[in-house]
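There's a structure below that I have some questions on.
The values are calculated or read from the model by the stated rules, or taken from the named source; none is laboratory data. Being a predicted model, the structure only gives us computed values, none of them experimental. As a convention, Cβ positions derive from the backbone with ideal geometry for all residues, glycine included, and neighbour counts pool all protein chains shown. For accessibility, only protein heavy atoms count, side chains too; no ligands or nucleic acids. Shrake-Rupley method; radii C 1.70, N 1.55, O 1.52, S 1.80 Å.
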Amino acid sequence: MKAIIVPGVTDLNKGDQALVWESYRLIEDTKMFNQIFILDSGDTYKEKTLLCNQSKKKGFPMLNHILPHPRRGRHQNEEHVVESRIKLLSQIGYAIYDFLSSFLLLSVCNHYSLVKFFFSRKTSSTVKQFKEVDAVFVKGGGFIHTYGEKTAPYLMWYFLFYVRLAQRLGKKVIFLPNSYGPFDGFTVKKQLRSVLKKIDIIYAREHVSAEKLGNLLDRDIDVEMDLGFFLQNKVTKDINEILHKYQLSSDDNIVGVTVRPWRFPGTENPFDLYKNYIDSMVDLIKYITGKGYKVVLCNQSLGPNAHEDDRNAIKDVLSKTKNLNVVWLNENLDCVTLKAVYSNFDFFIGTRFHSIIFSLTSLVPSMAIAYGGNKANGIMKDFGLDDYVLSIDQLNFQALKITFDNLVAQSDEIKHKLELAQVHIYNSRKRIIDHIQKLWKN
């Protein structure tokens, strides 16, 4: 049998990269599919290279994606908090065109001669592959959410497009563990009900999302681990070289940190909230280094757009602190290597949640800065670590300081919890594989 993993791979975001790579490995381990494809990403040659090269080097078979991003590969690096009105208007224009085009494609997708007549050779070739596969797998993650933006109707259309295409072609669809919600915005809930109620298998990656989505769809949603937890611990030959390059040794007490740009969607004062977030993190870093730790700022995501490029937020932090014990590990490492680097840290403070997942599965006590839906709160709660989560829009130094001090004080207990969780991670992956196999047996 054949399968396709959607949406496209994004090698610059190491969490998303891990989700795609682990989706592939999980599907492979069902022993049911002899061909598995992943969609590429990027709307310019440069963007495609950045977003796909690490996966191509790993040998993953790729298909051309169909629905472009409204930015069309044009990203303004200085607009990582709020996008300009001109850029927003151009994106709206592209989104209207893309909606009409993708709506037409869904209308004719069962008639391949019409697909070839109306659409490009690349699009037609990908549709042909969709027609020939047996299943479409939606990679794990947390992209099914909107905050009531004016663009919310198209955002949800964009997020669900490949699922709609698979359903129109009569393919089985498996939603691997995701976070869901909030569902604010015109038509959003209606779209979700119409598409997700017909899914063959759907998982949430934590109980908060399972409840939210279950209430919306009026059905029980199974909860399994985020696929990032399944990323294997592999010590690569590059690790010691990387640590040596940044003058990090086993004698150092190291706290890893990820920060990210965030636009605080749905709020009226995003600049103020972003400044408070950065200032609070700077104050915490000064406190930590004052206690004798080295702080290592890490690139968990490098794009493709300014909002997803952690280097922008890291520069904002470094502009406010000059300290020899603050190190920027400025590399474009793949997810496996990055996780191996994190395993050398003593503690971790992560805004990027997959940096927390990489750390937790390396038995590194970690605290999370929650943003963007239910993922951080839900997953940390499921691990019994909900005391170590703070909300990005209510951040302050005092709360960060208390949480970090508690993290250090309770580190042995936390490590014990993480050790016990390893068997749950193994069992979760096995249950997903068994469930997929039973779908065809039944």
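Extension gain Gln422-Thr267, at 0.36 nm per residue separation less the Cα-Cα distance, in nm?
So the extension gain works out to 52.0 nm.
For the chain, with a Gaussian network of springs between Cα atoms less than 10 Å apart, report the residue from Leu400, Leu360, Leu329 with the top mean-square fluctuation.
Leu329
Here's something else I'd like to know. Rounding to the nearest 20 debye, state how big the charge dipole of region 1-63 is about its Cα centre with +1 on each Lys and Arg Cβ and -1 on each Asp and Glu Cβ.
Result for region 1-63 is approximately 200 debye, rounded to the nearest 20.
Mind checking which of Trp262, Gln54, Asn240 is farthest towards the positive end of the chain's charge dipole, using Cβ charges of +1 (Lys, Arg) and -1 (Asp, Glu) about the Cα centre?
Final value for the positive-end residue is Gln54.
Given the peptides 36-43, 99-106, arrange them by the average over their residues of other C-beta atoms within 10 Å, most packed first.
Most protected by this proxy first, the peptides run 36-43, 99-106.
From the cross-link list Lys31/Lys131; Lys234/Lys294; Lys48/Lys275, which pairs have alpha carbons spaced over 28 Å apart? Please report the intermediate quantities before stating the final value.
On the way: Lys31/Lys131 21 Å; Lys234/Lys294 24 Å; Lys48/Lys275 32 Å.
The pairs that break the limit, which is 28 Å between Cα atoms, are Lys48/Lys275.
Listed highest first by mean packing, meaning other Cβ atoms within 10 Å per residue, what order do 265-273, 129-137 come in?
Top of the packing list down: 129-137, 265-273.
While we're looking at this one, here's another question. Run the quick spin-label model on Ser90 and Asp238: label points 7 Å from Cα toward the beta carbon, then report their separation in nm to one decimal.
Here the modelled spin labels are 3.3 nm apart.
Helix hunt in the chain: which complete DSSP H runs extend at least 27 Å axially by C-alpha with mean Kyte-Doolittle at least 0.0? Provide the component values of the computation, followed by the final result.
Details: long enough: 85-108 (35 Å, 1.10); 270-290 (30 Å, 0.04); 411-441 (45 Å, -0.85).
Qualifying helices, which must be both long enough and hydrophobic enough, are 85-108, 270-290.
Further question on the same structure: Placing +1 on the Cβ of each Lys and Arg and -1 on the Cβ of each Asp and Glu in region 295-395, which of Val295, Leu338, Val364 has its Cα farthest towards the positive end of the resulting dipole?
Towards the positive end, the residue furthest out is Val295.
Report, in debye and to the nearest 20, how large the dipole of region 255-319 comes out about its Cα centre when Lys and Arg carry +1 and Asp and Glu carry -1 on their Cβ.
300
Tally Lys and Arg at +1 and Asp and Glu at -1 over the other residues with C-beta under 14 Å from the C-beta of Leu248: what net charge comes out?
Its environment carries a net charge of -4.
Using the Cα centre as the reference, give the magnitude of the dipole from point charges on the C-beta atoms of the chain (Lys, Arg: +1; Asp, Glu: -1; all else neutral), rounded to the nearest 20 debye.
1740
Can you compute the modelled spin-label distance between Asn330 and Lys401, with each label point 7 Å from Cα toward Cβ, in nm?
The two pseudo-label positions are separated by 3.1 nm.
Among DSSP beta bridges lying fully in the chain, give the percent that are antiparallel, nearest 5.
Values: 2 of 43 bridges.
Once the DSSP bridges in the chain are tallied, antiparallel ones form about 5 percent.
Projected area of the chain, taken from the Cα convex hull and averaged over every viewing direction, in nm²?
20.3
Further, regarding this structure: Quick check: pseudo-label points 7 Å beyond the Cα along Cα→Cβ at Asp434 and Tyr112, how many nm apart are they?
If labels sit at Asp434 and Tyr112, their model points lie 3.9 nm apart.
In region 158-218, what trypsin sites (Lys or Arg not before Pro) fall in a loop by DSSP, with at most 12 other Cβ atoms inside 10 Å?
On the way: sites: Arg164, Arg168, Lys171, Lys172, Lys189, Lys190, Arg193, Lys197, Lys198, Arg205, Lys212; in loops: Lys171, Lys197, Lys198, Arg205.
Of the trypsin sites (Lys or Arg not before Pro), the ones in loops of region 158-218 whose Cβ has at most 12 other Cβ atoms within 10 Å are Lys197, Lys198.
In the Gaussian network model of the chain, springs joining C-alpha atoms below 10 Å, which of Ser120, Ser280, Ser359 carries the largest mean-square fluctuation?
Ser120
Let me ask you something else. Say we join alpha carbon atoms closer than 10 Å with springs in a Gaussian network model of the chain; which of Leu160, Leu243, Leu418 then has the biggest fluctuation?
Of Leu160, Leu243, Leu418, the Gaussian network model singles out Leu243 as fluctuating most.
Carbon and sulfur together cover what percent of the accessible area of region 335-442 at a 1.4 Å probe radius?
In region 335-442, the share of accessible area belonging to carbon and sulfur is 46 percent.
Just the number please: accessible area per residue for the chain, 1.4 Å probe, all protein chains included, in Å².
Dividing the accessible area of the chain by its residue count gives 44 Å².
If you don't mind, another one. Mind counting lysine pairs for me in region 314-442? Cα separation below 24 Å, and the two need to be 8 or more apart along the chain or on different chains.
Lysine pairs meeting both conditions in region 314-442 amount to 23.
In addition: Run through region 174-242 and list the GluC sites (Glu not before Pro) located in a DSSP loop whose Cβ has at most 13 other Cβ atoms within 10 Å.
Working: sites: Glu206, Glu211, Glu224, Glu241; in loops: Glu206, Glu224.
Counting only loop positions with at most 13 other Cβ atoms within 10 Å, none of the GluC sites (Glu not before Pro) in region 174-242 qualifies.
For the modelled label position 7 Å from the Cα of Ser319 along Cα-to-Cβ, which residues of region 265-279 have backbone nitrogen atoms closer than 17 Å?
Only 270-279 fall inside the zone, counting backbone N under 17 Å.
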